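For reference, the structure discussed in these notes is given below.
Just so you know, all these numbers are worked out from the coordinates, no wet-lab data involved. Here the structure is a predicted model, which means the values were calculated and not measured. Note that each Cβ is placed from the backbone with ideal geometry, even for glycine, and that neighbours are counted across all protein chains shown.
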Amino acid sequence: MTTKTQKLFIKTYGCQMNVYDSARMVDALAPHGYVTTNILDEADLVLLNTCHIREKASEKVFSELGRLRKLRKTRAERGKATMIGIAGCVAQAEGEEIIERAPLVDLVFGPQSYHRLPDLVQRAKNQCVVDTDFPEEDKFDHLPQATKQATIARGLSAFLTVQEGCDKFCSFCVVPYTRGSEVSRPVARIVAEAKSLAEAGVREITLLGQNVNSYHGQDPNGVDTGLGPLLFELAEIEGLDRLRYTTSHPRDMDDELIAAHADLPELMPYLHLPVQSGSDTILKAMNRQHTAKHYLEIVDRIRTARPDIALSGDFIVGFPGETDADFADTLSLVRQVGYASAYSFKYSPRPGTPGASLEGQVEPHIASERLLELQKLIKELQHAFNGNCVGNTMDVLLEKPGRKPGQLAGRSPYLQAVHVDAEETMIGQIVPLRIKSAGQNSLYGEQLAKTHSTSDNRAQLARNLANQDGAPEV
Ligand code: SAH
Ligand code: SF4
Ligand code: F3S
């Protein structure tokens, strides 16, 4: 491949794993002379890292391709070639059909081919290339590590994929088809990657997986290791102060993982634990393989281990067969759990999934009404959670300049955005801040004259949450 400098523009859709993957694609192309640009018009290579989860997400790619058609034309008028590649889950799901629908695309490649990207780009200079195989070799063994410089530029908080794929086959979901079956990376590889992130100054790592808590990688003795023990091992790494993981499945919350929440101060007290619905009939139709009661019991166990834990979730409304009573069960579960935040979506029938051919598809206007109602409740809970933080002291990782001059922005242990008036030299520090006010999506904090210990803060917040009595009246 040529080493002449070429400009790469990469646009990422979808989940955090796509964010991680995009960074790895940049790392794979860097040794071949590609540098990233934020200016589309400069790009010799444009990559769209796509998401197939809902129809809207998928269709975004084709509207973007409409814009790229014009870009390619204007660049061609200046004598410049533009290569266009589609990566990610739409690429995996639709393969060649993408080129049939949008002939300007030069390259289509799925998530398991990223280690082959330099070669694919080279081949696509001569003819269209489609690579959506699930290869024998493990891409993680072949993807280069980020350079220290690249890691520093990406910030103090980093993603690290530990597990990919899904064997659960929820009846609404395309992920098992786009990402393939579950694969866990070996412990030693993850530890090595985490160490190199920490050496570059990263202070917080979020472990990623489509079902991250089904992680069962091998340790150097060939013994299967779960996510709980992996977290304990990563917590030993010098400089790594905060650990998080996402996304979890309720069925995989085992005792060791729950123990990590009790015993590991580095594991942040925030857990994204999607349930999708509060109705057992709908959970069954979704093939979630757990009931609402089972989910609530798990939440109780986690809260016993870590009383101040903040929970978030995902919900789908309007799944086929969902009645008003089923939806009321969802609202009731949301109130009972008292989420700190949650994401909710209108069901989108996806080609090839069992849900798409189920009877009893819900009228779009009914699904829209339910979505509005659910989102209103979630907003109220989030507002209450943020409001309860006012007056508390929280350790905040100061990550970057804030929106206003003289301000920095950081994250609380509960993943809330926090703004504070502070010197830029404090970026990278974890400092205790007294929370002065709360908005819908962020908090405003103030530096303390004297520092408080984290364990005191936890006890204080746990007391406040207990007084909140689960959830406010709505
Ligand atoms: N692996 C994660 C979720 C992956 S997708 C898990 O198991 O929870 C992220 C979220 O998108 C899902 O939790 C679900 O709420 C939503 N989602 C997935 N498929 C969908 C569909 N067909 N229509 C609407 N929302 C969907
Ligand atoms: Fe999709 Fe279900 Fe797998 Fe999550 S567990 S990725 S929702 S099939
Ligand atoms: Fe979307 Fe694929 Fe992630 S479908 S949510 S980008 S795993």
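Key figures for this structure:
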quantity	calculated
Ratio Rg/Rh [Cα only; Rh per Kirkwood] for the chain	0.97
Over segment 6-131: Kirkwood hydrodynamic radius from C-alpha pairwise inverse distances, Å	14.3 Å
Vicinal HN-Hα couplings computed from phi for segment 278-286 (Karplus, 6.51 cos²θ - 1.76 cosθ + 1.60; Hz; Gly/Pro x)	x, 9, 5, 4, 6, 4, 5, 5, 7
Relative contact order of the chain, defined on C-alpha pairs under 8 angstrom at six or more residues apart (%)	9 percent
Label point distance in nm, Ala259-Phe169, each placed 7 Å from Cα along Cα→Cβ	3.3 nm
Any cysteine of the chain lacking a neighbouring Cys Cβ under 4.7 Å - listed by number	Cys15, Cys51, Cys89, Cys128, Cys166, Cys389
Per-pair calculated FRET efficiency, R0 = 22 Å: Ala153 and Gln16 via Cβ, rounded to 0.05	0.75
Estimated inter-spin distance, Leu104 and Arg251, nm [label 7 Å along Cα→Cβ]	4.3 nm
Cα→Cβ-extended label distance, 7 Å offset, between Lys284 and Glu233, nm	4.1 nm
Cβ-Cβ FRET estimate between Ala192 and Glu59, R0 fixed at 30 Å, reported to 0.05	0.15
Label-zone membership for segment 34-66, site Ala356, 7 angstrom Cα→C-beta point, backbone N under 20 Å	50-63
Mean Kyte hydropathy of -1.0 or more with a Cα span along the axis of at least 27 Å, helices from DSSP in the chain	364-388
Zone residues, segment 248-269, relative to Glu297, backbone N less than 19 Å from point 7 Å out along Cα-to-Cβ	249-259
Order of Met25, Met426 under a 10 Å beta carbon neighbour criterion, fewest first	Met426, Met25
Footprinting exposure proxy for Leu264, Leu443 (fewest neighbouring C-beta atoms within 10 Å first)	Leu264, Leu443
